[in-house]
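Read the structure below first, then the notes.
Please treat every number below as a calculation from the coordinates, not as lab data. Please read all numbers here as calculations on a predicted model, not as lab measurements. When we count neighbours, we look across all protein chains shown, and the Cβ atoms used for this are built from the backbone with ideal geometry, even at glycine.
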Ligand SMILES: Cc1cc2nc3c(=O)[nH]c(=O)nc-3n(C[C@H](O)[C@H](O)[C@H](O)COP(=O)(O)O)c2cc1C
């Protein structure tokens, strides 16, 4: 189906070799390996524009992105320590320090949350959640395409009510990604990928 806006849009060059290289070779860097300088404000804006250019059934925009300043990252680290100590009261200072630095490891931290709604039978919450996953992944890809490293992490803080609350994410919404972005300290090692024969099958006819 073609609507007017699609007909007016310029043709996209989707056979560009650089895009294929990116998709074929992209991988994450550990957040702790992402150092200054981070992207400029202009570069970050471009990454965010790319991040929200994702499949979104019904144009529901069921996701939100928050770019945390360094001051907010530091505050978040203190909250990680407070919340971690509640569940692990015997944790030593070294362990707590790991939590303290967690959100401020990279120059840029973007928090992505999934804001799904019920009531649209054609676009159930699971589809809206998947669209949010695409936002996270597109942000990773945009960062790498612009020469930076990136990593998507969640871990226990993404499910902690007090941390979600401090970020303005209601209990019934999901914090789906802490996206770290910065300059790569070193190139990441390749990671073993699944054999296609293990995960892909050809369907010639239905049983
Ligand atoms: C939803 C989600 C949450 C993740 N959370 C973590 C995490 O908390 N800690 C971590 O080390 N990796 C986490 N990962 C894995 C990394 O982001 C990444 O996938 C992995 O390091 C290597 O994958 P890549 O090189 O193909 O990007 C998560 C991945 C996804 C999809």
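Remarks
- Hypothetical label at residue 40: residues of the stretch 178-207 whose amide nitrogen lies under 16 Å (7 Å Cα-Cβ projection): 183
- C-alpha long axis of helix 41-51 to longest principal axis of the chain, angle in °: 50
- The base-10 log of I(q)/I(0) for the stretch 18-139, evaluated at q = 0.19, 0.21, 0.23 Å⁻¹, reads -1.11, -1.18, -1.25 [Debye formula, identical scatterers on Cα atoms, solvent excluded].
- A Gaussian network model of the chain, with springs between Cα atoms under 10 Å, assigns the largest mean-square fluctuation among 18, 29, 165 to 18.
- The relative contact order of the chain, computed from alpha carbon pairs under 8 Å that lie at least 6 residues apart in sequence, is 31 percent.
- Per-residue extension of 0.36 nm, minus the Cα-Cα distance of residue 207 and residue 60, leaves a gain of 49.3 nm for this segment.
- Top of 149, 92, 77 by mean-square fluctuation, Gaussian network on the chain, Cα under 10 Å: 92
- Taking the stretch 50-153 and dividing mean pair separation by its residue count, relative contact order in percent (alpha carbons under 8 Å, at least six apart): 41
- Nearest-ten-degree value, helix 70-87 long axis tilted from longest Cα axis of the chain: 70
- For the pair residue 190 and residue 74, a Förster radius of 41 Å applied to the C-beta separation gives a FRET efficiency near 0.75, rounded to the nearest 0.05.
- Highest-MSF residue in the chain out of 31, 91, 162 [GNM, Cα springs under 10 Å]: 91
- A prolate overall shape is assigned to the chain, the ratio a/c of its alpha-carbon gyration tensor axes (a ≥ b ≥ c) being 1.5 or greater and a/b exceeding b/c.
- Between the Cα long axis of helix 125-145 and the first principal axis of the chain there is an angle of about 80°, rounded to the nearest 10.
- Fewest-first sequence of 25, 117, 183 by Cβ atoms within 10 Å of each Cβ: 25, 117, 183
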